[in-house]
Structure formats: C-alpha cells, structure tokens
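Let me begin by presenting the structure, written as structure tokens, before commenting on it.
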Amino acid sequence: MKRISDYLHKEVLVIGLAKSGLASAKLLHQLGANVTVNDLKATDTDAAVEELRDLGIQVVCGDHPLSLIKDKTIDLVVKNPGIPYSNPLVALAVEKNLPVITEVELAYKISEADIIAITGSNGKTTTTTLIYEMLKEDQKQPLIAGNIGTVACEVAQNATSDNVIVMELSSFQLLGTIEFKPAIAIILNIFEAHLDYHGTKDEYVFAKGKIYQNQSGSDVSIINLDDQEVCERSEKSHAEKLFFSTTRELESGTYIKDESIWFKNERVIYLKDIVLPGVHNLENILAAVSAVKLKGVSNESIKKVLTSFTGVKHRLQFVDTIESRRFYNDSKATNILATSKALQAFSMPTILLAGGLDRGNEFDELKPYLDNVKAMVLFGETAPKLERIANESGIEVIKRVDNVEQAVSAAFQISEEEDVILLSPACASWDQYKTFEERGDIFIHAVHKLK
C-alpha cells in the first residue's frame, strides 16, 4: 500500500465498529493517527473492542456521546456506511464542517492498484462478480472488495500495482467520499431507493453520481445509455466516456446486434451461449464486458465465464426443481425495480413470494410486470399493500402468511407442473430478518425440506 502521511498525528473519530470500523481504526492507527472508536451496541468484552484497546486505541461503547466532538479537536470522522447522517454525533460533525468519510475513501488513498468501481440501484453484485471472474480467468490478478467480499481498505492494504481492485459500492459508501477517483467507474442504473436514509431521490442520485465526480481524462466512465438518470449524472464526468446499450447499436461502445454482444464492432459472444437468466442481466453483462475489455481481457476468457456463470446467490438464483416446479431465490430484490426485472426473466406461469419492510412506498409500478403471475404469497409489513396490487391486477389466488418458510409451503400447495416459484420480495428484509441473505437462506432451506 501507499505509505501516506495524510493522517499522521490527526485526531480521528471512527463511528460504528463492525467490520468497516475495525478495519478503518486499525489502518488509521498504522498510518499514525490518534484514533477514537465509538459504537452504540459494542460492549467492553467484545473481541474487536479488546483488540483495538490492545493497540492503544480508545473505544467508547454503549452510546454516542456528543462530548467526543464537543470536548476535543477532531480532524476527521470515519463512519460506518449504514449509520445515517441524522445520527446526532454525525450531524454534529457535519454542523462543525468536519470531513465525514467512509472507509472507501481510505482504500482509495492507500491503494497502489487501479480500482474498477461499480454502483447502481440493481445488479451491482452480479456485475462486480462477472468483472472479477473475467479478470481472474484472464490472469489479471483481480481482488474483490467493498459492498461484496472484504472491507475495501483491508483489500487495498495488500494490493500492488499488479492487481486490479473490483469494488462494489452502495450509495451509503459513496456519499462518504471526497477524493475517491476510480480508474473505471460504472453506474448501472438509478431507481428511487433508500429514501429512509437519503431523505430525497435527489440526495440518493447525488450519492450515486459521486462515483464519476473526481474522474479525469485518464479515467473511464462506463454509462448505461438506456438510463436517463445515469446519462444526466455522467454529464459532469471529465473522464473518457464509454456507453453500453441493450436497445441501440453503438459505433464505439458495447451493444447487442445480430443476437450477439459486440464491443466496438467486434463480436464477443452469441446471446444463445450465455447461461445467466433474465433480460435485465444483459445490462449487467454489457457493463462487465465494457470494463474488462478496457483491461485487455480476451474474448475467450469472457466466453468461458459467460457460458458457465449462472448467477450470484440470492440474485435470481436457481435453487431446485421439485415435481416440475422450478424455484428461484431472488432475496436480494429489495426494491420494486429489482422485482420487476426478475418477473421479466420468466415467460411461464409464476407464483410470486413478496413482502417485507414498509418504507412508505406503494407498489403500483409492479402492475405492468404481473401478467405471468398466477398467484401471490405475501408476508411482512407490506403484505396489505401488495395484496391491493394483486387484487387490482386481477390475480385470483392471493395468500397471506407469516414468514418466508410458510410462503414456500403455501406456494408449493397451489402450484402446478411447469410453474416458477419465485422469491422476489420487492422490499428490504429488516422487518423480520437481519439481512436479505438470511431471508434467502431460509427460502432455500424451506425448498429443500419439500423433498
């Protein structure tokens, strides 16, 4: 890693422990900062707390005392991405015009490796994984980090100029960046999301757009030409622009023509050879192809990945076929756009399992995508809202259950041969489950129990 002096003798407050807070605190201590860590839920006996105190780092547990900022001079605040700016301690830092960053900024500052950064409302993990696998197949020594895999500043510490860091980034992470400047940046799409965190769509879009913000002429912004919001964000980029589109042929971008994917007038792969399901995944694939071709990856390596890659767990993941019913786990579909794209992936009769945390939105945008849905099994806080949509869409079979496990059993009972049974909740999981991964794992377990 780069041995920078930016944080030497600086007073730094790290808010939120977890994985990113622990990694940030240790790195900043190594870089010579005077670090204080504050966490609401941690206790004095936690292993992470003990580890930091053994290094001589002060850790304050149990609350967020404003005195941590009021009573001492702080030069920098590093916060866990999930902690909102409405948090009193974070709000005080902003009020005092202190720089507030996430660990992604630290990763950039110390990284010797080029960074390929990927964001978007949907498809981030699939695209990030595709890019990583294609680079790996072509012996480009990639490392994967960010919102997927290991904390970015941990990965960056071990990266050299021979590596490429492939970094999935959320709006929460990007909002806490100042100088972050990836060599290649991708916004896949922008759809209204996380308003409970950002407050307004404009703030959410602003956070996403920061991925392009500091790029210069030596960098590349990869842009979804089919998404107006993305195109508008890209107008502020000073990088070279590379477009991709599933609907238009492009002279110098990545596009679809003659049932094939093309990059700058070069056929890369026939669509029939791609095994990843869903029309929406073509956008993810085009973005991934764009990024790896810029890194010199061969068509042979791209083909090898695309002819074997069937998807990421919890993202339109095929689980099993039981009595001619096909089960798919799309627990990562935490918003309406993700579920609408999942529904478009299937032409056969579908039983949709949906529901979860109520963030205040309605679900009318789902209506155009329910043509193949023969039944809906609903759970969680949003079940009443989704039931209204189902009734208004003329879906005859609607069931309310308590949880995902019951939903699997109910869906199987009402299904027929050749049906698709799809978990695609259109909601976050936090009303009933800690993570979308936990929700998806329960779905998978329930499917296997049917055998």
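The values are calculated or read from the model by the stated rules, or taken from the named source; none is laboratory data. All of these numbers come straight from a predicted model, not from anything done at the bench. Neighbour counts run over all protein chains shown; Cβ positions are idealised from the backbone, glycine included. These accessible areas exclude ligands, DNA and RNA; they are computed on the full protein's heavy atoms, side chains included. Shrake-Rupley method; radii C 1.70, N 1.55, O 1.52, S 1.80 Å.
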Whole-Hz Karplus couplings 3J(HN,Hα) for segment 406-412, θ = phi - 60° and coefficients 6.51, -1.76, 1.60, Gly and Pro as x, run 5, 5, 4, 5, 5, 5, 5
From the cross-link list K181/K208; K241/K272; K208/K241; K210/K303, which pairs have alpha carbons spaced over 22 Å apart? K241/K272; K210/K303
Only bridges with both residues in the chain count here: give the DSSP antiparallel percent, nearest 5. 20
Given Cα pairs under 8 Å that are at least 6 residues apart, what percent is the relative contact order of segment 317-449? 39
Nearest 500 deg cm²/dmol is fine: what mean residue ellipticity at 222 nm does the chain get from its DSSP H runs of n ≥ 4 alone, each adding -39,500 (n - 2.57), divided by its residue count? -10000 deg cm²/dmol
Accessible surface of segment 89-239 [probe 1.4 Å, protein heavy atoms]: carbon and sulfur percent: 42
Dividing the convex hull volume of the alpha carbon atoms of the chain by its residue count, what do you get in Å³ per residue? 149
Quick one: which residues, 5 or more positions from I322 or on another chain, have an amide H under 5 Å from its amide H? H modelled 1.01 Å from N in the peptide plane, none for Pro or chain starts. F327
Going highest first, how would you order 415-421, 79-85, 69-75 by mean Cβ packing within 10 Å? 79-85, 415-421, 69-75
Taking 305-314, 22-31, 321-330 and ranking on average Cβ neighbours within 10 Å, highest first, one gets 22-31, 321-330, 305-314
Considering the options V373, G440, A338, tell which one lies farthest towards the positive end of the dipole of segment 331-451, charges being +1 on Lys and Arg and -1 on Asp and Glu at the Cβ, about the Cα centre. G440
I need two numbers for segment 317-449: Rg to one decimal and Dmax as a whole number, Cα atoms only, in Å. 12.9, 38
If a/c stays under 1.5 just call it rounded; otherwise compare a/b with b/c (prolate if a/b is bigger, oblate if not). Do that for segment 105-307, with a ≥ b ≥ c from the square roots of the Cα gyration tensor eigenvalues. oblate
In straight Cα distance, which lysines are under 22 Å from K70, not counting same-chain residues fewer than 8 positions off? K10, K41, K79, K96
Can you compute the charge dipole magnitude of segment 302-451 about its Cα centre, using +1 on each Lys and Arg Cβ and -1 on each Asp and Glu Cβ, nothing else charged? Give it in debye, rounded to the nearest 20. 600
Magnitude of the Cβ-charge dipole of segment 11-101, K/R +1 and D/E -1, about the Cα centre, nearest 20 debye? 260
Using θ = phi - 60° and the Karplus relation 6.51 cos²θ - 1.76 cosθ + 1.60, list the HN-Hα couplings for segment 259-274 in order, rounded to whole Hz, with x at every Gly or Pro. 6, 9, 9, 10, 10, 6, 6, 10, 5, 9, 7, 6, 4, 5, 8, 7
If the viscosity is 1.306 mPa s and the temperature 10 °C, what Stokes-Einstein diffusion coefficient in µm²/s follows for segment 88-193 when Rh is the Kirkwood radius over Cα pairs? 111
Give me the dipole magnitude in Debye, nearest 20, for the chain about the Cα centre, with unit charges on the beta carbon: positive for Lys and Arg, negative for Asp and Glu. 600
So between I322 and K257, what do we pick up on full extension, going 0.36 nm a residue minus the alpha carbon distance? 19.7 nm
Sort 425-433, 402-410 by packing, meaning the average of other beta carbons within 10 Å per residue, with the highest value first. 425-433, 402-410
Taking a crude spin-label model, label points 7 Å out from Cα along the C-beta direction, the Q406 to M348 distance in nm is 2.8
Where a Cα-Cα gap under 27 Å defines reach, which lysines qualify for K374, not counting those fewer than 8 residues away within the same chain? K313, K332, K341, K385, K399, K449, K451
If contacts are Cα pairs under 8 angstrom and at least 6 residues apart, what is the relative contact order of the chain in percent? 11
Charge dipole (segment 1-99, unit charges on Cβ, about Cα centre) - positive-most of I57, N80, L8: L8
Theoretical gain in end-to-end length, E396 to D226 [0.36 nm per residue, Cα-Cα removed]: 57.7 nm
